[in-house]
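The values are calculated or read from the model by the stated rules, or taken from the named source; none is laboratory data. Note that the coordinates shown come from a computational prediction; the quantities given were computed from them, not determined experimentally. When we count neighbours, we look across all protein chains shown, and the Cβ atoms used for this are built from the backbone with ideal geometry, even at glycine.
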Amino acid sequence: MSLQPLQVPGGPELLILLVILLLAFGLVGRWVYRDAKSRGSDWAWQWGVGIGLLFLFGLVPGLLGLLIYVTIRDEVGEAA
């Protein structure tokens with residue numbers, strides 16, 4: 001019986017890719033926050049953090065959340 005190696009394939013390249021993705025998701029969340037704040041939303045930080053977290057859960061949930069925000073963002077500032 002031989003032991004299986006426990007190394008994760010990818011090494012530093014995978015780490016660099018993950019850091020780049022985290023930065024991109026953070027920038028999208030920041031953009032949503034700044035956009036909501038400029039439109040006068042009282043929920044700007046919740047929108048920004050929520051969209052950023054959705055991207056951390058996956059690309060599809062993040063894109064769906066961003067699509068929902070872009071669709072209703074004109075109404076976001078009016079709710080206040």
Give segment 38-70 a look and list any residue that's in a helix (DSSP H, G or I) and either in contact with a Cys (Cβ under 9 Å, 6 or more places away or on another chain) or farther than 24 Å from Leu21 by Cα (or both), or say none. Ser38
Any hit, segment 16-24, residues being in a helix (DSSP H, G or I) and among the small types (Gly, Ala, Ser): yes
The condition from (1) out of contact with any Lys or Arg (no Cβ under 6 Å at 6 or more places or on another chain); (2) among the aliphatic types (A, V, I, L, M); (3) modelled with pLDDT under 95 that Ala44 misses is numbered (1)
Pick out the one residue from Gly40, Gly62, Gly48 that is touching a residue at least 12 places away in the same chain (Cβ under 8 Å), touching a helix residue (DSSP H, G or I) at 6+ places or on another chain (Cβ under 6 Å), surrounded by fewer than 17 Cβ atoms within 10 Å (Cβ to Cβ) and of a type in the set (Gly, Ala, Ser). Gly40
Considering only residues that are out of contact with any Phe, Trp or Tyr (no Cβ under 6 Å at 6 or more places or on another chain) and under 16 Å from Leu54 (Cα atoms), which ones fall in segment 7-27? Leu18, Leu21, Leu22, Leu23, Ala24, Gly26, Leu27
Within segment 1-30, can you find the residues that are touching a Gly at 6+ places or on another chain (Cβ under 9 Å) and among the charged types (D, E, K, R)? Arg30
Checking the conditions here, which among Tyr69, Tyr33 is touching a Gly at 6+ places or on another chain (Cβ under 6 Å), surrounded by 12 or more Cβ atoms within 10 Å (Cβ to Cβ) and aromatic (Phe, Trp, Tyr)? Tyr33
